[in-house]
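The values are calculated or read from the model by the stated rules, or taken from the named source; none is laboratory data. Bear in mind the structure is a predicted one, so any value in this text is a computation, not a measurement. For neighbour counting, all protein chains shown are included, and Cβ atoms are generated from backbone atoms with ideal geometry for every residue, glycine included. Calculation scope for accessible area: heavy atoms of the full protein, side chains included, ligands and nucleic acids excluded. Shrake-Rupley method; radii C 1.70, N 1.55, O 1.52, S 1.80 Å.
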Amino acid sequence: MRFVLDAEQREFARSLDALLTATGTPSVVRAWAAGDHGPGRALWSRLADAGVFALAVPETYEGVGPLPVEVAVSFMELGRHAMPGPVVETVAASVLLSVVGGPAAKEWLPRLSSGAATATLRLDGPYALDADAVDAVFTVRGEELWLASGPGAFRVSADPARRLFSPDDGGTLLARGTHVAEGARVAGDWAAFATAAQAVGVGEALLRATVEYVKRRTQFGTAIGSFQAVKHRLADTLTGLEFARPLVYGAAVSLAEGAARAGADVAAAKLAAGGAAYTAARTALQLHGAVGYTEELDLALWLRKARPLRDAWGTPEVCRGRVLAG
Amino acid sequence: MDLSHTDAENAFRAEARSWLRDRVPDRPLPSLETAEGFAAHRNWEAWLHADRWSAVSWPSAYGGRDADIFGWLAFEEEYYAAGAPGRVSQNGISLLAPTLFDHGTAEQRARILPPMASGEVIWAQAWSEPESGSDLASLRSRAVRTDGGWLLSGQKTWSSRAAFADRAFGIFRSDPEAARPHHGLTYLMFDLAAPGVTVRPVGRLDGKPAFAELFLDEVFVPDEDVIGEPGQGWRIAMSATGNERGLTLRSPGRFLAAADRLAALWRTHGDPSDSGLRDRVADAVVGARAYQLFTFAYASRFAAGDTIGAESSLNKVFWSEYDIALHETALDLLGPEAELADGEWAQGYVFALAGPIYAGTNEIQRDIIAERLLGLPKGRR
Ligand SMILES: Cc1cc2nc3c(=O)[nH]c(=O)nc-3n(C[C@H](O)[C@H](O)[C@H](O)COP(=O)(O)OP(=O)(O)OC[C@H]3O[C@@H](n4cnc5c(N)ncnc54)[C@H](O)[C@@H]3O)c2cc1C
């Protein structure tokens, strides 16, 4: 057993962190929320060059995957930097297509892998994320896989950088059969898994920003970070995140092995990571005081993400049900 | 990143499982916090020791099996899954022994470890004092130099199992003139039956009498029972607190087994329409898995030679709060039956309540997390 990242995986994380830091995601996120997808697409192709979107695509379709540990590593970084766009959905669509196979897989997977195309998907939930920004909107109904004809009606999310659409049923029928339903099940697990990793990253960013803030902000003549009530809340936030992270990697190992318990492990990871990130957001807001309650501070970009990520691709209620079902 | 076990690890686990299947008593032993239970648990330690299962991670020269940390974790999983008795020799095996391996002499190891492993000598930890709990460095009990050794005087308290134990280890002020309270302390071992020692049992919240306070009046300790250099007691003792808070006190096996039993209780006693309780049962299952995987990550780093410091405080806060939540959930599931004090869950609950207090209170652990892991400024203590 060696339940830690190897040197190559740690280096991968560092290089993505450097790439995202150099780009400076806050302006990308703000543009994305305003419907300007240019900067987001540009960053997307740099991430694709770094290999991020090849990780869930099998080699037969010009990918390098499936590599769930690396997916976890990269999605923690994407979360840490609040990367906008249907990153989770593109990975899940890749998994769906690789299970379904056939012409749709041949047509789309190499392009998704290289970053030439982006995709979103709707499985059993009501919305498809960022459907106006992608090259393909896949929808699954029962045993049918469709390529939607358009994004459908737009709804505003609590996180303005998450743009929600209700694609119409219909479009082009790509495949039909039990393998579609099976693909949707596996894709759902991967979507929950990548979202869990992203949530850990979001939580870490919130914690880190808050730690920096409480060291600088003084009240009553001293840094607020020296008050025990403040310290203890941050200590609990760290504890929550540090115990969610191994669940995410544990789920990665189960997915890599195709283990029977993978679904339950993913649900456990999603539950813990979503909860820890949401707690981190509550803590971050509280300890920043009023300045945290403003849109102008970049912190808002992460704050608004935490709750939707907790609920997307598996609410706590759904995850708990899966955990107990085993 | 992998969670696989080697063939040797699997074989070791299988051997432990089959041994435990044959030997674990069918009915639980009486509480080890009572005189009768203490004797029964001491006997169980002798059984374990006879087949070298009492301290699997020790070198075979001292009665162990040379298991590495993964072997030890596997053993613990099997141990608790089998419903085996609590470990009356825990203070010795998990607190004193690691200290002797790191700081003791060869003579001390040869003399002290074998009877510890067999349950012949049960150890108590005598650190806390009436005025020194969280602020342990303020302790006042003294060690005064005498011919061939030291004379101990003062009062220790909250000493688990000391009412029935044979010997104790603790820190004493040997140089009252030292510049700082952490300096001038000496770590030593003494006999609870020695002249000058008075042991007064203190009933715990559950009424069991094994807890005790110790009054020491010029108790002689020979030089060979000093651990490490005189004056270095604080440093030596602190190397053991990492063990206490960290893995060795509460391995994941205990919580995995408890979460399994809770899930089984839910299936037999649960009301499927009570989603509030269902959620807490699910959280307990997830918590045990999180703790197990956190431990595997920690153990992987440890096995690769990393030293693990303040992270043990994360561990301590996690398991102690987890333990209470788990037991509260079980009690809620049991309904009126939960009130029966001799029930297994009720007893576990009362024990769990102490978790956030001993081994360094959770308030103190959160300070350590905030200051050492997050780098926040030190506040007033
Ligand atoms: C079941 C059990 C078994 C034990 N076994 C042993 C044993 O075998 N050997 C042994 O030596 N000791 C043992 N102890 C004692 C234990 O280590 C102490 O109880 C513990 O260190 C706390 O000290 P205290 O009880 O004096 O509480 P205090 O230190 O007086 O603390 C009281 C409260 O104040 C809080 N507090 C204190 N200082 C601060 C601060 N700076 N910031 C915030 N909050 C603070 C504490 O967190 C706590 O909530 C045991 C205790 C229990 C409950």
* Number of partner chain Cβ atoms within 10 Å, mean per residue of A:215-228 -> 3
* Heavy-atom SASA rank of B:SER132, A:SER114, B:SER174 (probe 1.4 Å, accessible area, largest first) -> A:SER114, B:SER174, B:SER132
* Can you pull the mean other chain C-beta count within 10 Å for peptide B:291-302? -> 5
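I'd like the carbon and sulfur percentage of the solvent accessible area for segment A:67-222, probe radius 1.4 Å, heavy atoms only, ligands and nucleic acids excluded.
Values: 2730 of 5360 Å².
Exposed carbon and sulfur together represent 51 percent of the surface.
If a/c stays under 1.5 just call it rounded; otherwise compare a/b with b/c (prolate if a/b is bigger, oblate if not). Do that for chain A, with a ≥ b ≥ c from the square roots of the Cα gyration tensor eigenvalues. Intermediate results must be reported in sequence, preceding the final value.
Numbers: a/c = 1.78, a/b = 1.54, b/c = 1.16.
It is prolate, given that a/c is not under 1.5 and a/b is the larger ratio.
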* Asked: Which helices of chain B meet both criteria: a Cα extent of 15 Å or more along the helical axis and a mean Kyte-Doolittle score no lower than -1.0, with helices taken as whole DSSP H segments?
  -> B:35-50, B:69-81, B:106-118, B:233-245, B:252-269, B:275-303, B:311-334
* To do: Please provide three numbers in whole Å: the alpha-carbon extents of chain B along the principal axes, with the largest listed first.
  => 70, 48, 45
* To do: Working from Cα positions, state the angle (0 to 90°, nearest 10) between the long axis of helix A:102-114 and the longest principal axis of chain A.
  => 30 degrees
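Which percent of the accessible heavy-atom area of chain B goes to carbon and sulfur, probe 1.4 angstrom? Let's see the in-between values first.
Details: 8510 of 16450 Å².
Exposed carbon and sulfur together represent 52 percent of the surface.
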* **aspartates and glutamates with Cα under 16 Å of B:LYS378, excluding same-chain neighbours fewer than 8 positions away** => A:GLU212, B:ASP135, B:GLU363, B:ASP367
* **Debye intensity ratio in log₁₀ form over the Cα atoms of segment B:7-87, taken at each q of 0.14, 0.16 Å⁻¹** => -0.46, -0.60
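Just need the relative contact order of chain A here, percent rounded to a whole number, with Cα pairs under 8 Å and 6+ apart. Walk me through the numbers on the way to the answer.
Working: 595 pairs, mean separation 53.7, N = 326.
Rounded, it is 16 percent for chain A.
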* Asked: Applying the Karplus parametrisation 6.51 cos²θ - 1.76 cosθ + 1.60 with θ = phi - 60° to the phi angles of segment A:32-47, what ³J(HN,Hα) value in whole Hz is obtained for each residue in order, glycine and proline being reported as x?
  -> 4, 4, 7, x, 9, 8, x, x, x, 5, 5, 5, 4, 6, 5, 5
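How big is the convex hull of the Cα atoms of segment A:188-325, per residue, in Å³?
On the way: hull volume 13.1 nm³, N = 138.
Expressed per residue, the convex hull around the Cα atoms of segment A:188-325 is 95 Å³.
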* Structure fact -> Taking A:216-223, A:187-194, A:39-46 and ranking on average Cβ neighbours within 10 Å, highest first, one gets A:187-194, A:39-46, A:216-223
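So for chain B, averaging the separation of alpha carbon pairs under 8 Å that are six or more residues apart and normalising by length, what relative contact order in percent results? Write down the numbers at each step before the final one.
Working: 620 pairs, mean separation 50.6, N = 381.
Once normalised by length, the contact order is 13 percent.
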* Structure fact -> Filtered hits (lysines, Cα-Cα < 20 Å from B:LYS316, offset >= 8 within chain) -> A:LYS231
* Asked: Heavy-atom accessible area of B:TRP234 with all protein chains present, probe 1.4 Å, nearest 10 Å²?
  -> 50 Å²
* Structure fact -> Note to self: C-alpha centroids of segment A:208-286 and segment B:49-104 sit apart, in Å, by 33 Å
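Per-residue Cβ counts within 10 Å, from other chains only, averaged over B:358-364: what number is that? Intermediate values should be presented prior to the final figure.
Working: counts 0, 0, 0, 0, 3, 4, 0.
If you average over the peptide's residues, the count of other-chain Cβ atoms is 1.
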* At a probe radius of 1.4 Å, what is the per-residue accessible area of B:THR146, in Å² to the nearest 10? -> 50 Å²
* Between chains B and A, what is the buried accessible area in Å², counting both sides, with a 1.4 Å probe and ligands, DNA and RNA left out, to the nearest 100? -> 3700 Å²
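Once you order the gyration tensor axes a ≥ b ≥ c over the Cα atoms, which shape class does segment B:123-231 get: rounded for a/c under 1.5, otherwise prolate or oblate by comparing a/b with b/c? Before the final figure, lay out each step's value.
On the way: a/c = 2.24, a/b = 1.41, b/c = 1.59.
Cα axes put segment B:123-231 in the oblate bin.
Less than 13 Å Cβ to Cβ from A:ARG141, Lys/Arg counted +1 and Asp/Glu -1: what total charge do the surrounding residues give? It would help to have the intermediate numbers written out before the result.
On the way: positive: A:ARG122, A:ARG176; negative: A:ASP124, A:GLU143, A:GLU144, A:ASP168, A:ASP169.
Summing Lys and Arg as +1 and Asp and Glu as -1 gives -3.
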* Keeping all protein chains in place, calculate the accessible area per residue for the protein assembly as shown (probe 1.4 angstrom), answer in Å². => 41 Å²
* To do: Provide a list, ordered by number, of residues in segment B:1-49 showing at least 30 Å² less accessible area with every protein chain present than when their chain is taken on its own, using a 1.4 Å probe.
  => B:MET1, B:ASP2, B:LEU3
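Output needed for the protein assembly as shown: three equivalent-ellipsoid semi-axes, defined as square roots of 5 times the C-alpha gyration tensor eigenvalues, in descending order, whole Å. Don't jump to the answer; show the numbers that get you there.
Values: eigenvalues 547, 160, 99 Å².
That gives 52, 28, 22 Å for the three semi-axes.
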